[in-house]
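Take a look at the structure below.
Coordinate-derived values only; no laboratory data. Since this is a predicted model, take the numbers as computed values, not measurements. When we count neighbours, we look across all protein chains shown, and the Cβ atoms used for this are built from the backbone with ideal geometry, even at glycine.
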Amino acid sequence: MTFRWFGEKSDTVSLKNIKQIPAMTGLMGFLDYKAAGEVWEKSEIAEYIGKVHEAGLECEVIESVNIHEDIKMGSGNRDEYIENYKTTIRNLAEYGVKVIVYNFMPVFDWLRTDLAREIPEDGSNSLYFDEAELEGMGPLDIVKRTATQSGGFSLPGWEPERMAELETTLKKYESITADDLRVNYKYFLDAIIPVCEEAGIKMACHPDDPAWPIFGLPRIAHSLKCFEKIISLHNSPSHALCLCTGSLASSIDNDVVAIIRHFGKINRVACMHIRNVKHLGHRKFRESSHLSTDGDLDMYEVVKAVYETCPLVYVRPDHGRMIWGETGRPGYGLYDRALGAAYLNGLWEAICKE
Ligand code: CS2
Ligand code: MN
């Protein structure tokens, strides 16, 4: 059981807080100031992981080593960025990292139309999406809205340098199809997976969120079929998935439990992000507490699928609501994620004893 931590200077949650969550053994770490394409230097990794170890936690998973758009578009300086990525893989492995979570989504990572929508029943708030609200909004509008609502906190997938070039990048993507994107993805995997095999690292691809194409951009990672195509791009246990239940469950077409079982059985799940969503209408949902009763996912079945098909994977509660007056990075407060971890551990204990 792990927790996402943005580093001492950037997180409202301390390592001590994280360590005090029952059965929390480690982190999914993140250097939130790194731009896509940059090498993660050994000294930076050593500093971050050193602090994590001092706090009595492990750091075997690193998230959001973002892939430069040149790699996704198959243009420009992609070979140089791929070389940098290989160096980052080797550097992370040297400090005991076993899994790297990334995504291959053009331009945007996750997207919401409100980062703090009040939940009428209890006055807490959570991330929220309503496709109808996107109508009449351009990508630039949503970027501005997200930046305003983020309260000055960096958000994974919304790195300023990525957003600065938005218009040019969107233009370039107009001529790139989903098949083109997969060709570029394969080129990237063929280059880096042998390095991962040598270094003992698994790459874990995170799903599109929401789980369908947006703003006409090609998106290729949001369903069982999509992931089958992705997995077939390069045959290696080092080429694996990070199944994020909340991202996948944003589409009612996805049977999340079946997806876990399918890829768990063939040893292609490296880690899990577990969170729940509550559907409120067509392509309209909010992130709920982790409990089955609060959302549309059956968390007992989710955890059971992990237990039965991929019990050794790293897990973390993904986003939480803001509760008890907490303020901080949207989705990444302490309290609700800690409740999520406790709940998931409860399910795990019950399933083990059963
Ligand atoms: C996060 C992602 O919001 C989420 O579901 O888990 O932002 C995730 O960290 C990235 O997609 C990984 O690159
Ligand atoms: Mn996730």
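Observations
- When the P(r) of the range 222-267 is calculated, the portion above 16 Å amounts to 32% of the C-alpha pairs.
- Estimated dipole of the range 80-216 in Debye, rounded to 20 [Cβ of Lys and Arg +1, of Asp and Glu -1, Cα centre]: 440
- Amide H contacts of Gly331 (H built 1.01 Å from N, in plane; Pro and chain starts excluded): Gly320 sit under 5 Å, all sequence-distant by 5 or more or on other chains.
- For Cys59, the residues whose amide H sits under 5 Å from its own are Leu27, ignoring neighbours fewer than 5 places away on the same chain, with H placed 1.01 Å from N.
- Annotation: amide H of Ile67 within the under-5 Å range of Asn103, sequence separation 5 or more or interchain, hydrogens built in the peptide plane.
- For the range 81-90, putting each phi into the Karplus relation 6.51 cos²θ - 1.76 cosθ + 1.60 with θ = phi - 60° gives couplings of 5, 5, 4, 4, 4, 4, 4, 4, 4, 5 Hz, in residue order, rounded to whole numbers and with x for Gly and Pro.
- Contact order for the chain, expressed relative to its length and based on alpha carbon pairs under 8 Å spaced 6+ residues apart, stands at 18 percent.
- Cleavage-rule hits, GluC sites (Glu not before Pro), the range 156-214, DSSP coil, Cβ neighbours within 10 Å at most 13: Glu165, Glu174
- The Glu197 and Thr12 beta-carbon pair, evaluated with R₀ = 35 Å, returns a calculated FRET efficiency of approximately 0.40.
- Rounded to whole Hz, the Karplus (6.51, -1.76, 1.60) HN-Hα couplings of the range 306-317, x for glycine and proline: 5, 4, 7, 10, 8, x, 9, 6, 6, 10, 9, x
- Hydrodynamic radius of the range 2-353 by the Kirkwood approach over all distinct alpha-carbon pairs: 20.3 Å.
- The eigenvalues of the Cα gyration tensor, multiplied by 5 and square-rooted, give the range 1-137 an equivalent ellipsoid with semi-axes of 28, 26, 10 Å from largest to smallest.
- A simple rule links phi to the HN-Hα coupling: the Karplus curve 6.51 cos²θ - 1.76 cosθ + 1.60 with θ = phi - 60°, which for the range 182-194 gives 5, 4, 5, 5, 4, 4, 5, 5, 4, 7, 9, 4, x Hz, with x for Gly and Pro.
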